[in-house]
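Taking it in order: structure first as structure tokens, then the write-up.
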Amino acid sequence: MKSLCYALLCLAPLVATASNDISKVNSSIHVEAGQSVGDVESVNGSIHVDDAATTENVNTVNGSISIGNQATVGKINTVNGGIGVGEQSKAGSIETVNGTLKVGAGSQIANGVSAVNGSISLAKGVTVAGKLQNVNGKMTLEAAHVGAGIETTNGDIDIRAGSRVQGGIVVEKPHGNWFGSKRKPPTIVIGPDAIVEGELRFEQPVTLYVSNRAKTGAISGATAIPFSGDAPPSLEQAHESVER
């Protein structure tokens with residue numbers, strides 16, 4: 001986040017350095033299709049990187065970030081705002097504090113993907129080499145690969161058919177009484193033909209469903225509820241009601 005702090009201190013309306021960096025305050029930034037630039041930074045504004053563009057790090061404080069298809073970017077960071085990455089793109093890492101994260105089919109993330117308050121969705125064929133983590137919000141893998149484990153405190157996890165997670169799963173115990181005693185336990189689903197390598201460790205009560213066609217490591221802190229079909233019956237009914 002050092003680059004964000006620098007942007008706040010400099011307060012320059014527009015800076016284009018010799019390395020082709022772009023920096024704005026109180027304004028959005030648009031990197032056009034096929035363009036190649038350096039770091040892209042805004043203080044209060046959204047950032048949109050078009051298809052097949054190339055940038056270094058992409059940072060904003062208050063604003064969303066949208067990365068197109070087949071783009072190549074460095075680290076992607078925002079404090080307050082969602083992040084969307086298109087299909088077949090490459091990024092160094094993705095991080096937000098408050099916002100939803102969505103990564104399109106076939107994209108590759110070289111390090112981790114994290115949010116504090118926000119859902120995370122990985123489409124088919126996405127590879128995250130690092131850790132997938134949040135505190136609050138559902139995490140969904142659609143035939144995706146995570147290389148260094150999944151961690152959450154209060155989020156549901158839906159690992160769907162054909163996904164692979166290396167490094168296990170950890171659901172941490174909430175600190176203090178911030179979440180309250182009557183909150184709903186997280187729901188964890190390991191779908192058919194999904195693989196979770198490493199320990200599944202649950203430091204608080206969870207509802208854990210594991211397909212009879214899935215493979216997992218050792219489970220501690222919870223008892224798995226087996227199911228057949230694409231999803232547990234209660235979740236299938238929920239999906240059907242949404243589709244109607």
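Throughout, read-outs are computed from the coordinates displayed, never taken from laboratory work. Keep in mind that this is a model prediction, so the values were computed, not measured. Glycine also receives a Cβ, built like all others from the backbone with ideal geometry; neighbour counts cover every protein chain displayed.
Within region 118-150, how many residues turn out to be among the small types (Gly, Ala, Ser) and farther than 19 Å from Gly86 by Cβ?
5
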Of the residues that make up region 203-219, is at least one over 22 Å from Gly112 (Cβ atoms), in a strand (DSSP E or B) and in contact with a Leu (Cβ under 6 Å, 6 or more places away or on another chain)? yes
Of the candidates Val25, Val40, the one satisfying the condition of being of a type in the set (Val, Ile, Thr), over 11 Å from Val85 (Cα atoms) and in contact with a helix residue (DSSP H, G or I) (Cβ under 8 Å, 6 or more places away or on another chain) is Val25
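Only one residue in Phe202, Phe227 is buried (at least 19 other Cβ atoms within 10 Å of the Cβ) and over 25 Å from Leu101 (Cβ atoms), so which one is that?
Phe227
Condition check ((1) free of Cβ contacts under 8 Å to residues at least 24 places away in the same chain; (2) under 25 Å from Tyr209 (Cα atoms)) across all residues:
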| position | (1), (2) |
| --- | --- |
| Gly86 | no, no |
| Ser89 | yes, no |
| Leu101 | yes, yes |
| Ala105 | yes, no |
| Ala115 | yes, yes |
| Ala123 | no, yes |
| Gly149 | no, yes |
| Gly155 | no, yes |
| Arg160 | no, yes |
Collect the residues in region 109-163 that are hydrophobic (A, V, I, L, M, F, W, C), surrounded by fewer than 18 Cβ atoms within 10 Å (Cβ to Cβ) and out of contact with any Lys or Arg (no Cβ under 8 Å at 6 or more places or on another chain), keeping them in residue-number order. Val116, Ala129, Ala161
